[in-house]
Amino acid sequence: MMSINEMGFEVFEEMLDLADDLRVDVIELDNGAVVIDAGVKAPGGLWAGIFISRICMADLADIQIVPYDLRGISVPGIQVTTDHPAVSCMGSQCAMWQIKVDKYFAMGSGPARALARKTKELYERIGFDEYSDVGAVVLESSRIPDAAVAARIAEMCGIEPSDLRIAVAPTDSVAGMVQVSARIVETGMHKLFSMGFDITKIKSGWGVAPIAPVAGDATRCMGASNDAIIYGGDTYYTLEYENLDELKDYIRKMPSSASRDYGVPFYNAFKAAGFDFFKVDHNIFAPARVVMNELRSRTTIASGRLNHDVLMESFGIQVL
């Protein structure tokens, strides 16, 4: 199998070929790094969001736009299917990379994170090593990175800037909203990982979540995009786990409803915490509902619930 960066790099090259159709802008920096703007100044859109999500997951997942029924109203949803959940979700997609260069800040995700060995403990726990001469990264930011930012990312990855490909979209853009909802399977994997669960036991993952509309400023859009998963996200995992009682305990604690902050739009909880992420109960970052099929015992267990009332409020949908 190609390295995950080579796979992400190929998706990026597809985006370059389809730049006009995807409504994205292509920028070549002075040091040879190439940037795709999918929502900062370029309009981008749903399709661009799919491509960015594919880069995030190193193209190790099938990602599709599907209908999502929200109180009888059809809104776009995203469906993610992967048979490589540990690597695609946690090894690549998980946005656990804060990129700070001078006054520039972005959250980084995608296969280049593995080259930079961010969250080293994670890669050790899933037994994954990455070696590549090229790198692909997705930045969640309202600004286009310059050559200095690209040079710093390339340095952390141990590659030349000319071999680095960067896709960027802000949270309050259509493509940005898509790539957040595409984290539906990863959010469940991350919750398990934070609980000390051996995520290599997970053999496949499937999830569907609505794509939040762009409504309000970046902070409100961040809240709505989180709510798409917290209150509207459905997940299904297959795994092998010997101790069923222990597994049931994990599944019981896994959904977002296990959080003390559950029940209100995330923006409201964030505001009540003084807009301090560290004061928000991180148990809230989880799918609304989880179903697990344990393959050895052929047992299927479900926990959690969808909450469309909160989603209607969070999305600001007006019914005439």
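Annotations for the structure displayed:
- Residues that are closer than 26 Å to Gln64 by Cα, open to solvent by 10 Å² or more (accessible area, probe 1.4 Å) and in a helix (DSSP H, G or I) are absent from the range 256-266 altogether.
- Selection status of Ile50, at pLDDT 95 or above, part of a helix (DSSP H, G or I) and over 13 Å from the mean Cα position of the chain (by Cα): no
- Test: Ser314 is among the polar types (S, T, N, Q) and open to solvent by less than 10 Å² (accessible area, probe 1.4 Å): no
- Some residue of the range 188-202 being within 21 Å of Lys41 (Cα to Cα), open to solvent by 10 Å² or more (accessible area, probe 1.4 Å) and either over 12 Å from the mean Cα position of the chain (by Cα) or among the β-branched types (Val, Ile, Thr) (or both): no
- Any hit, the range 98-120, residues being in contact with a Lys or Arg (Cβ under 7 Å, 6 or more places away or on another chain) and of a type outside the set (A, V, I, L, M): yes
- Inter-residue pairs, beta-carbon under 8 Å, first more than 18 Å from Gln93 (Cβ to Cβ) and in the range 5-33, second among the hydroxyl-bearing types (Ser, Thr, Tyr) and assigned to a helix (DSSP H, G or I), 6+ apart: Asn31/Ser162; Gly32/Ser162; Ala33/Ser162
- Of all residues in the range 205-242, those satisfying the criterion of being under 16 Å from Val310 (Cβ atoms), of a type outside the set (A, V, I, L, M, F, W, C) and either without any contact (Cβ under 8 Å) to a residue 40 or more places away in the chain or open to solvent by less than 20 Å² (accessible area, probe 1.4 Å) (or both) are Pro210, Gly223, Ser225, Asp227, Tyr231, Gly232, Gly233.
- Note on the range 6-46: residues that are within 24 Å of Pro76 (Cβ to Cβ), open to solvent by 20 Å² or more (accessible area, probe 1.4 Å), touching a Lys or Arg at 6+ places or on another chain (Cβ under 8 Å) and not β-branched (Val, Ile, Thr) total 2.
- Total residues in the range 273-308, condition in contact (Cβ under 8 Å) with a residue 40 or more places away in the chain, assigned to a helix (DSSP H, G or I) and surrounded by fewer than 16 Cβ atoms within 10 Å (Cβ to Cβ): 1
- Sole exception among (1) open to solvent by less than 20 Å² (accessible area, probe 1.4 Å); (2) in contact with a Cys (Cβ under 7 Å, 6 or more places away or on another chain) for Leu115, by number: (1)
- Count of the range 131-158 residues, restricted to those that are open to solvent by less than 20 Å² (accessible area, probe 1.4 Å) and of a type outside the set (Gly, Ala, Ser), is 7.
- The residue that is farthest from Tyr237 (Cα to Cα), counting only those in the range 203-223 that are part of a strand (DSSP E or B) and within 17 Å of the chain's Cα centre (by Cα), is Pro210.
- Counting only residues that are among the hydrophobic types (A, V, I, L, M, F, W, C) and in a loop (DSSP other than H, G, I, E, B), the range 7-47 holds 7 of them.
- Filtered residues of the range 52-67 (kept if open to solvent by less than 10 Å² (accessible area, probe 1.4 Å) and on the phi < 0 side of the Ramachandran plot): Ile52, Ser53, Ile55, Cys56, Met57
For (1) out of contact with any Pro (no Cβ under 9 Å at 6 or more places or on another chain); (2) modelled with pLDDT of 95 or more; (3) under 29 Å from Gly127 (Cβ atoms), each residue gets a yes or a no:
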residue: Asp62; (1), (2), (3): yes, yes, yes
residue: Pro67; (1), (2), (3): no, yes, no
residue: Leu70; (1), (2), (3): no, yes, no
residue: Pro76; (1), (2), (3): no, yes, no
residue: Pro85; (1), (2), (3): yes, yes, yes
residue: Ala95; (1), (2), (3): yes, no, yes
residue: Phe105; (1), (2), (3): yes, yes, no
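- The set of residues from the range 53-69 being part of a strand (DSSP E or B), aliphatic (A, V, I, L, M) and more than 11 Å from Val178 (Cβ to Cβ) comprises just one member, Val66.
- Among the residues of the range 101-119, those identified as charged (D, E, K, R) and within 19 Å of the chain's Cα centre (by Cα) are Arg113, Arg117, Lys118.
The values are calculated or read from the model by the stated rules, or taken from the named source; none is laboratory data. Bear in mind the structure is a predicted one, so any value in this text is a computation, not a measurement. Every residue, glycine as well, gets a Cβ built from its backbone with ideal geometry; the counts of neighbours run over all protein chains shown. In case anyone asks, the SASA skips ligands and DNA or RNA and just uses the protein heavy atoms, side chains included. Shrake-Rupley method; radii C 1.70, N 1.55, O 1.52, S 1.80 Å.
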